[in-house]
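Only the coordinates and a few stated rules stand behind these numbers; no lab work does. None of these values were measured; they are calculated from a predicted model. Cβ coordinates were reconstructed from backbone atoms using ideal geometry, including for glycine residues, and neighbour counts include every protein chain displayed.
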């Protein structure tokens, strides 16, 4: 089955779990706790609320239901991209500024 048009992989850096141990309402580094955790709501700036879970070993991925809804918001609503349009690269000035700001621990803390 092919991926949907806006399906996106959303990585969670390990330091998030170490620094903010209950950021998602549970210890995402504990596999047993993470696998039994209920979905939680992500509140988007436009007022929408979407169900999400933390997946993969070490809680390294954020997944929404449906999987494409967060990708659609990031890629289409925020960046204005069309379905399956390629994102430039981190060297693109706009994407680099966005990436660098989001990557900085100071901008999150």
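Just a few scattered comments:
- Separation of the residue 67 and residue 15 label points, Cα + 7 Å toward Cβ, nm: 2.9 nm
- Relative contact order (percent, whole number), region 47-90, Cα cutoff 8 Å, 6+ residue spacing: 22 percent
- Length gained on full extension, residue 74 to residue 49: 7.6 nm, using 0.36 nm per residue less the C-alpha separation.
- FRET E, pair residue 23, residue 3, Förster distance 41 Å, beta-carbon r, rounded to 0.05: 0.90
- Cβ crowding within 10 Å averaged over residues, with 23-33, 41-51, 70-80 ranked highest first: 70-80, 23-33, 41-51
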